[in-house]
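Following: one structure in structure tokens, then a few remarks.
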Amino acid sequence: VQRCEIPLEVYGTKRLLLYEDLIFFKVSADKFVGINRLGEVVKIFTAENYSFGEDYCFDKNNDILMLASDKRQASIDDCVILLDRETMEVTELVDLGDLLPEYKVKCDGVQDWISLNCISLVEGNRLLVSGDKTDTIIKIRRLYNDPRIAFMVGDSEEFKGTPYTTMFAQEDNEF
């Protein structure tokens with residue numbers, strides 16, 4: 001027995017988020033929804049200035065942290081936004097172009113210069129994101145108030161010639 005039809009507009013969704021009696025998921029680059037147990041769409045999130053990215057997760061308040069692209073910029077897949085479940089407001093929390101400006105310039109106008117593709121909240125206000133183009137995991141601290149890079153994991157050679165090579169975690173030993 002089919003109780004509902006999932007309202008996907010473009011392609012399959014990567015993740016489902018469950019909160020109380022709602023399931024949240026991405027429908028398209030411009031729409032994110034919450035459906036109830038009956039399959040009824042009860043929340044529709046849109047963001048005039050952002051395209052929704054590949055991945056999302058809950059934050060400490062069970063609002064939605066999402067990778068995104070700012071439509072007002074030439075670059076793509078380099079922002080983290082917050083979707084408030086109650087007010088349905090969208091707030092930009094992080095623009096990696098602001099945290100890694102010298103590296104972005106080094107990429108010489110490449111549109112998907114970092115291509116964020118995975119997001120995970122740790123320790124309440126710290127965020128892990130992965131950059132597909134750089135094969136780098138980036139830990140961001142103070143997510144909600146003046147975000148900063150805590151450290152990065154990956155090959156620092158990609159960032160050679162920028163001040164970010166010192167931000168890479170160092171090996172303690174081999175395993």
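Summary table
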| read-out | value |
| --- | --- |
| Pairwise centroid distance, computed over Cα atoms, of region 38-100 with region 112-126, Å | 12 Å |
| Helical mean residue ellipticity (222 nm; -39500 (n - 2.57) per DSSP H run of 4+; nearest 500) of the chain | -1000 deg cm²/dmol |
| Compactness of region 43-137 - radius of gyration and Dmax, Cα, Å | 13.1, 40 |
| Asp112, Asp55, Asp132, reordered so the largest accessible area comes first (probe 1.4 Å) | Asp132, Asp112, Asp55 |
| Fraction of accessible area attributable to carbon and sulfur, region 40-175 (%, probe 1.4 Å) | 45 percent |
| Calculated over the chain: convex hull of Cα atoms, volume per residue (Å³) | 143 Å³ |
| Sequence-separation-based contact order of the chain, relative, with Cα cut under 8 Å and 6+ spacing, percent | 12 percent |
| Full-extension gain in nm, Glu157 to Tyr19, via 0.36 nm per residue minus C-alpha separation | 45.6 nm |
| Of Lys43/Lys133; Lys31/Lys104; Lys26/Lys60; Lys14/Lys60, pairs whose Cα-Cα distance is over 24 Å | Lys43/Lys133; Lys31/Lys104 |
| Amide H contacts under 5 Å for Tyr19, placed H, 5+ residues apart | Phe24 |
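The values are calculated or read from the model by the stated rules, or taken from the named source; none is laboratory data. Nothing here was measured: the structure is a model prediction, and the numbers come from that model. In case anyone asks, the SASA skips ligands and DNA or RNA and just uses the protein heavy atoms, side chains included. Shrake-Rupley method; radii C 1.70, N 1.55, O 1.52, S 1.80 Å.
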